[in-house]
Amino acid sequence: MMLMAYLLCLLAPEKRRYQAIYYTLIGKRTTSNLYAGLAYGLLKWLQIYPNLEQAQFQAELKRLQQNGWIEIDERYVWLTATGQQKQAEWQPQLVWPTHYEGPQMGHLPQFTARFMLAVQIVSEYHYQNTQYYPLETSMKDRVLVVSWFKRHKATINFSSQFQLELAQLLDQLDPQQADLVANQLIGHQVLGKSHQQLAQALDSPSLTVRVRTIDAFAQILGFLLAHQTTYPLLNELVDQAETQLSQSTLQTWQLIQQGASVEKISRQRRVKIGTIKEHLLETAMLLPRFPFEQFLKDATTQKLARLMTEQPSLSYNEAQTALPGLDFFEYRLYQIQRQVNAQ
């Protein structure tokens, strides 16, 4: 029921590609999916539900349709009049994240796993216990945390300093959020509660607990990034190599920042010019303060602005007819600029 309510609140009376909504929720970052998420105002929820199964998503849409709240065709979904009424009823009743910002949260699950594992390792070390089962994480995250632990364990008062940082950090959260995180931590002779157990204890839906937990860790991550020197131990659990951009896109963006042209990067990296332009479109949607003027000529911008004012849903073919020689990259980049400026 809760998932159905959340999904209903992501829809609109205008047609939206339901696969694009699904891909936004699980974090699939193709240029077309990212643009759909941006255009629908849903990019802030990028990868908020990475484990959502396609079959479950489709089943919830089917339930919404059976209730008469949405219409669906082969590609699109849209709200009916009764669906709009139900959305207005449900929207204020749901718990919504306030610190989660999709484009900056692409690696939140990995950070959360490292955070939880570090707490467990330090707790067991404090009690000089080496016989325990570590939390399951990816090999990359386990290596990072174990390496971090080996660097610091010989430091005087290491475990005390870690506990102090952890307590001070949790103190920055809303008390309910802090309790939620603390109750999930695993340590020496302490078994953290699952979302289902917490849901029962709090008499709250499991999905609500999950949303609140995600938001709490989003706040923790954001706080660590903003106060790097205040929490030196905990901040090392943030992998600074992780960015909101894919590795290939990041390489392109770094070369652009060094002054290289699209053509030069294409030759240097031995990839197609179209691929480099796809990287730039991704960057424009995911990074703040993208220099649109660097890639859009004033004359082109002015003409597109006039055309889209007259016809907001202007297609690329229609734009190209009015502006012969218009590149799709310019058309899409200008669309992105309009969406970014409007939000």
Rounded to the nearest 500, the 222 nm mean residue ellipticity computed for the chain from DSSP H runs (n ≥ 4, each -39500 (n - 2.57)) alone is -18000 deg cm²/dmol
In the chain, taking the dipole from +1 charges on Lys and Arg beta carbons and -1 charges on Asp and Glu beta carbons about the Cα centre, the listed residue (GLY102, ALA322, ALA36) farthest towards the positive end is ALA322
Relative contact order, percent, of segment 222-343 when contacts are C-alpha pairs under 8 Å separated by at least 6 residues?
-> 20 percent
Going residue by residue through segment 270-275, the Karplus relation 6.51 cos²θ - 1.76 cosθ + 1.60 with θ = phi - 60° gives ³J(HN,Hα) values, rounded to whole Hz and with x marking Gly or Pro, of 6, 10, 5, 4, x, 5
For GLU293 and SER147, compute 0.36 nm times the residue count separating them, minus their Cα-Cα distance, and round to one decimal in nm.
-> 48.2 nm
Per q in 0.13, 0.20, 0.27 1/Å, what log10 I(q)/I(0) does a Debye calculation on the alpha-carbon atoms of segment 1-72 return?
-> -0.33, -0.80, -1.39
Give the accessible area for TRP45 in Å² (nearest 10); use a 1.4 Å probe, count only protein heavy atoms, and leave out ligands, DNA and RNA.
-> 20 Å²
Whole-Hz ³J(HN,Hα) from phi, Karplus 6.51 cos²θ - 1.76 cosθ + 1.60, for segment 150-157, glycine and proline x = 5, 5, 10, 5, 7, 5, 4, 6
R0 of 22 Å, Cβ-Cβ distance ARG75-SER313: FRET efficiency to nearest 0.05 | 0.90
Dipole size in debye (nearest 20) for the chain around its Cα centre, Lys and Arg Cβ +1, Asp and Glu Cβ -1?
-> 860 debye
In the list [x] 34, 24, 20; [y] 40, 29, 16; [z] 49, 24, 18, the entry giving semi-axes √(5λ) of the Cα gyration tensor in Å computed from the coordinates is [y]
Structure shown: which of LYS44/LYS277; LYS277/LYS303; LYS28/LYS272; LYS44/LYS193; LYS140/LYS272 lie over 26 Å apart, alpha-carbon to alpha-carbon?
-> LYS44/LYS193; LYS140/LYS272
In degrees, nearest ten, helix 247-257 long axis to first principal axis of the chain (Cα) = 70 degrees
Can you sort MET285, MET1 by 1.4 Å-probe accessible area, starting with the largest?
-> MET1, MET285
So what's the convex hull volume per residue for the Cα atoms of segment 213-343, in Å³?
-> 153 Å³
Using only Cα atoms, tell me the angle between helix 158-170 and the longest principal axis of the chain; keep it within 0 to 90° and round to the nearest 10.
-> 50 degrees
Under the Karplus curve 6.51 cos²θ - 1.76 cosθ + 1.60, θ = phi - 60°, whole-Hz ³J(HN,Hα) for segment 18-34, x wherever Gly or Pro sits = 5, 5, 5, 5, 4, 5, 5, 5, 8, x, 6, 9, 7, 4, 5, 5, 5
Along Cα→Cβ, 7 Å out, is where each label goes; now give me the distance between the ones at ASP171 and ASN235 in nm to one decimal.
-> 1.8 nm
Identify, among ALA226, LEU245, HIS152, the residue whose Cα sits farthest towards the positive end of the charge dipole of the chain, taking +1 on the Cβ of Lys and Arg and -1 on the Cβ of Asp and Glu, with the dipole about the Cα centre.
-> LEU245
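The values are calculated or read from the model by the stated rules, or taken from the named source; none is laboratory data. Note that the structure is a prediction, hence the values are computed from the model and not measured. Cβ coordinates were reconstructed from backbone atoms using ideal geometry, including for glycine residues, and neighbour counts include every protein chain displayed. Remember, those area values only see protein heavy atoms, side chains included, never the ligands or the DNA or RNA. Shrake-Rupley method; radii C 1.70, N 1.55, O 1.52, S 1.80 Å.
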